[in-house]
Amino acid sequence: KQEVTQIPAALSVPEGENLVLNCSFTDSAIYNLQWFRQDPGKGLTSLLLIQSSQREQTSGRLNASLDKSSGRSTLYIAASQPGDSATYLCAARGTGRRALTFGSGTRLQVQP
Amino acid sequence: GAGVSQSPSNKVTEKGKDVELRCDPISGHTALYWYRQSLGQGLEFLIYFQGNSAPDKSGLPSDRFSAERTGGSVSTLTIQRTQQEDSAVYLCASSSGGAVEGGPRYEQFFGPGTRLTVL
């Protein structure tokens, strides 16, 4: 059974800092991995999706990497802004099972 | 274009009553998923529909939960005889892609959710 873990659970940084959010998964037989953002009381916004054959994906100030062999993914946020404050969730889609298995999230606070 | 929509946004009900939650997926998306987000359990999968295939119900927590998808589009999640532990945010997602792996990204797009409170 796939298990997804995110570290740290919470993070507070000053504006402008570069930061890394970590995601690990126990079963390397994944089809893809998705990173989401969730604002309080809202649904999930898809940020990046990495296919199992890819090593990284970039969108603006966001860069996500994937290392299947070690069961890890990282989300790098460059030059953080107060508007980046949210909970970030990673989720793995297995090769057989279509549903996503989610981590518990990292709650990010960027201080102005 | 329009994203995934869900209704109602909030639902308060009394223990023992039945509730229906609705999801409108992105037009053209063949796959539809229901998830539940609660404080103690995080985000967990409930049920998955793909085209005309039999749904994957492996995540439904009890037989009080059921879902249907009519015409390959709108889906309704029904909870019968609601209990207080059913209180959660119910999220719906949709994605494109077929039954064959490879090629499509299967990126899932989520709706805003329905917050269910059982008193």
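The values are calculated or read from the model by the stated rules, or taken from the named source; none is laboratory data. These numbers were taken from a predicted model, which means no experiment stands behind them. We place every Cβ from the backbone using ideal geometry, glycine too, and count neighbours over all the protein chains shown. Calculation scope for accessible area: heavy atoms of the full protein, side chains included, ligands and nucleic acids excluded. Shrake-Rupley method; radii C 1.70, N 1.55, O 1.52, S 1.80 Å.
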Near the amide H of B:GLU107, under 5 Å away, which other amide H atoms are found, from residues 5 or more places off or on another chain, if H is placed in the peptide plane?
B:SER96
In whole Å, what are the extents of the protein assembly as shown along the principal axes defined by its C-alpha atoms, from largest to smallest?
49, 41, 36
Using only alpha carbons, build the gyration tensor for chain B and give me the equivalent ellipsoid semi-axes, biggest first, whole Å.
25, 14, 13
Grab the other residues whose beta carbon is less than 10 angstrom from that of A:GLN2, score K and R as +1, D and E as -1, and report the net.
+1
Shielding by partners for B:31-44, please: the mean number of other protein chain Cβ atoms within 10 Å of each residue's Cβ.
3
Report relative contact order for chain B in percent, whole number only (criteria: Cα-Cα under 8 Å, sequence separation at least 6).
37 percent
Shielding by other protein chains, A:29-36, mean Cβ within 10 Å
2
HN-Hα J couplings of segment B:24-41 from phi, Karplus 6.51/-1.76/1.60, θ = phi - 60°, integer Hz, Gly and Pro as x?
10, x, 5, 4, x, 6, 8, 9, 9, 10, 10, 10, 10, 10, 10, 4, x, 10
Scalar couplings 3J(HN,Hα) for segment B:75-90 by Karplus 6.51 cos²θ - 1.76 cosθ + 1.60 (θ = phi - 60°), nearest whole Hz, x for Gly and Pro, are 10, 10, 9, 10, 10, 9, 6, 4, 10, 4, 6, 7, 4, 4, 9, 9
How crowded by other chains is B:109-115, given as the mean number of beta carbons from other chains within 10 Å of each beta carbon?
3
Per the 1.4 Å probe, what fraction of the accessible area of chain A, in percent, lies on carbon and sulfur atoms?
47 percent
If contacts are Cα pairs under 8 angstrom and at least 6 residues apart, what is the relative contact order of chain A in percent?
37 percent
Cα to Cα, under 25 Å, and not fewer than 8 places away if on the same chain: which lysines meet these conditions relative to B:LYS11?
A:LYS42, B:LYS57
Amide H of A:GLU15 versus every other amide H placed in the peptide plane: which residues, excluding those fewer than 5 positions away on the same chain, fall under 5 Å?
A:GLN111
Considering only protein heavy atoms, what is the solvent-accessible area of B:GLU85 at a probe of 1.4 Å, reported in Å² to the nearest 10?
130 Å²
The answer for the net charge of residues other than B:CYS23 whose Cβ lies under 12 angstrom from its Cβ, with Lys and Arg +1 and Asp and Glu -1, is -1
What are the extents of the Cα atoms of chain A along their three principal axes, listed from largest to smallest and rounded to whole Å?
43, 28, 20
